[in-house]
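Notes to accompany the following structure.
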């Protein structure tokens with residue numbers, strides 16, 4: 001692991017339950033020496049990614065600048081806005097654009113519909129890898145070795161113990177999703193919620209993320225299922241084409 005990667009790993013320590021970190025946290029969670037921890041805090045603070053507080057370090061103003069830049073100019077977000085808006089207006093369901101990043105699927109754009117309810121992850125938050133159509137449709141289009149790596153890294157964690165995940169069944173499920181081109185979930189993460197997601201690809205046909213329609217099951221089922229699946233698949237394909245052209 002190079003020095004830059006080690007330094008950037010410090011940013012992964014920030015969580016809702018840990019908004020401030022210090023040298024002790026870095027050493028404990030990442031196994032770095034105090035000398036390295038001090039150096040990384042100093043360097044990250046020097047470029048505005050961290051700000052020093054009386055009892056540690058918090059994320060700095062440079063993060064907000066980067067977030068603003070992403071919101072206004074990131075191709076995945078900019079090219080999808082009208083598609084997301086149209087889907088929301090047609091169905092009244094929530095629409096998500098989510099991106100695969102560093103072993104996680106993160107919501108980068110959310111348009112709430114008229115039938116609001118829990119999303120399972122707000123903007124900028126990673127979402128459940130195994131109990132959401134949003135994430136499973138992304139996993140299905142990774143390379144086989146990548147899928148196995150994700151499965152092995154997460155399947156035994158306590159939060160998914162109730163699923164009793166089995167690699168053979170899981171891999172069969174991934175193949176089924178690829179065959180149909182979309183993924184449907186119902187009452188997996190939240191009771192009474194249903195969603196359908198389709199993959200988004202880059203110009204080299206590598207999966208970038210997903211587009212999802214999600215809402216209350218009662219509203220979801222007020223439409224013909226093939227109609228919603230077709231809507232999300234066509235919108236995701238159009239977004240893929242726009243990204244390739246750009």
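The values are calculated or read from the model by the stated rules, or taken from the named source; none is laboratory data. None of the values given here were measured: they were computed from a predicted structure. Note that we place each Cβ from the backbone using ideal geometry, even for glycine, and neighbour counts take in every protein chain shown.
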Filter pass, residue 53 being assigned by TED's automatic domain parsing to the domain that holds residue 16 and surrounded by fewer than 17 Cβ atoms within 10 Å (Cβ to Cβ)
yes
Go through segment 185-205 and report how many residues are at pLDDT 95 or above and within 23 Å of residue 103 (Cβ to Cβ).
5
Output yes when any residue across segment 103-115 is in a strand (DSSP E or B), touching a residue at least 12 places away in the same chain (Cβ under 8 Å), in contact with a helix residue (DSSP H, G or I) (Cβ under 6 Å, 6 or more places away or on another chain) and not assigned by TED's automatic domain parsing to the domain that holds residue 199, and no when none is.
no
Out of segment 1-36, which residues are at pLDDT below 90 and either at positive phi or loosely packed, with under 11 Cβ neighbours inside 10 Å (or both)?
1, 2, 4, 5, 12, 15, 16, 17
Every residue from segment 76-89 that is out of contact with any strand residue (DSSP E or B) (no Cβ under 6 Å at 6 or more places or on another chain) and farther than 16 Å from residue 199 by Cα
78, 81, 82, 85, 86, 89
Extreme residue, surrounded by the fewest Cβ atoms within 10 Å (Cβ to Cβ), among residues of segment 102-116 that are farther than 17 Å from residue 80 by Cα and over 8 Å from the mean Cα position of the chain (by Cα)
102
Here is a list: 215, 195, 230. Which entry is crowded, with 18+ Cβ neighbours inside 10 Å, closer than 30 Å to residue 115 by Cα and over 17 Å from the mean Cα position of the chain (by Cα)?
215
Quick one: residue 224 ticks every box in (1) farther than 19 Å from residue 147 by Cα; (2) under 19 Å from the mean Cα position of the chain (by Cα) bar one, so which box is it?
(2)
